[in-house]
Amino acid sequence: MSTAEQAAPQLTEQQIPKPVGYRLLVAIPEIKETYGDSGIVKAATEMKNEEISTMVVRVIDMGSDAYKDEKRFPNGPYCQIGDHVLIRAYSGTRFKIHGKEMFRIINDDSVEAVVEDPSGYSRI
């Protein structure tokens, strides 16, 4: 473990936001520091761009009104807690906890697809 990892504050359960209303809390995947199997290290700006524009996230929690509007969601919820979902790049409310963007809050209708295997997705 590096010195930076040792010094990083630990995330507590009380620090994880609880989504309200029709919003979902989603987790952003860890961005790999290298390109594929080549081992070439990505520039810091490339890492940041990938983090900001991520399109596949994991649903962590749902607000009490998420998917409750039967007129808007006549077939029920688009996803469940634990699903990996596809959203538009740059979607949601972005924030950092201890200097790191780990989560994002999105609207329930921002989910565009459920993804069974989240590996390999990237923007064009």
Under 14 Å from the Cα of K68 - aspartates and glutamates, other chains or at least 8 residues apart
D108, D109
Excluding exposed DSSP-loop chymotrypsin sites (Phe, Trp or Tyr not before Pro) (at most 14 other C-beta within 10 Å), longest clean stretch of the chain
1-89
Which lysines, if any, have their Cα less than 29 Å from the Cα of K48, not counting same-chain residues under 8 positions apart?
K18, K32, K96, K100
Starting from one equal scatterer on each C-alpha and no solvent at all, send me the Debye-based log10 I(q)/I(0) for the chain at q = 0.15, 0.19, 0.21, 0.23 Å⁻¹, two decimals.
-0.77, -1.12, -1.27, -1.41
Please find the FRET efficiency linking D65 to R94, where r is the Cβ-Cβ separation and R0 is fixed at 25 Å, and quote it to the nearest 0.05.
0.70
Taking amide hydrogens as modeled 1.01 Å from N in the peptide plane, which residues meet the under 5 Å criterion relative to A113, leaving out close sequence neighbours?
L86
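Each reported figure results from applying straightforward, stated rules to the coordinates on display, with no laboratory input. All of these numbers come straight from a predicted model, not from anything done at the bench. Backbone-built Cβ (ideal geometry, glycine too); neighbour counts: all protein chains shown.
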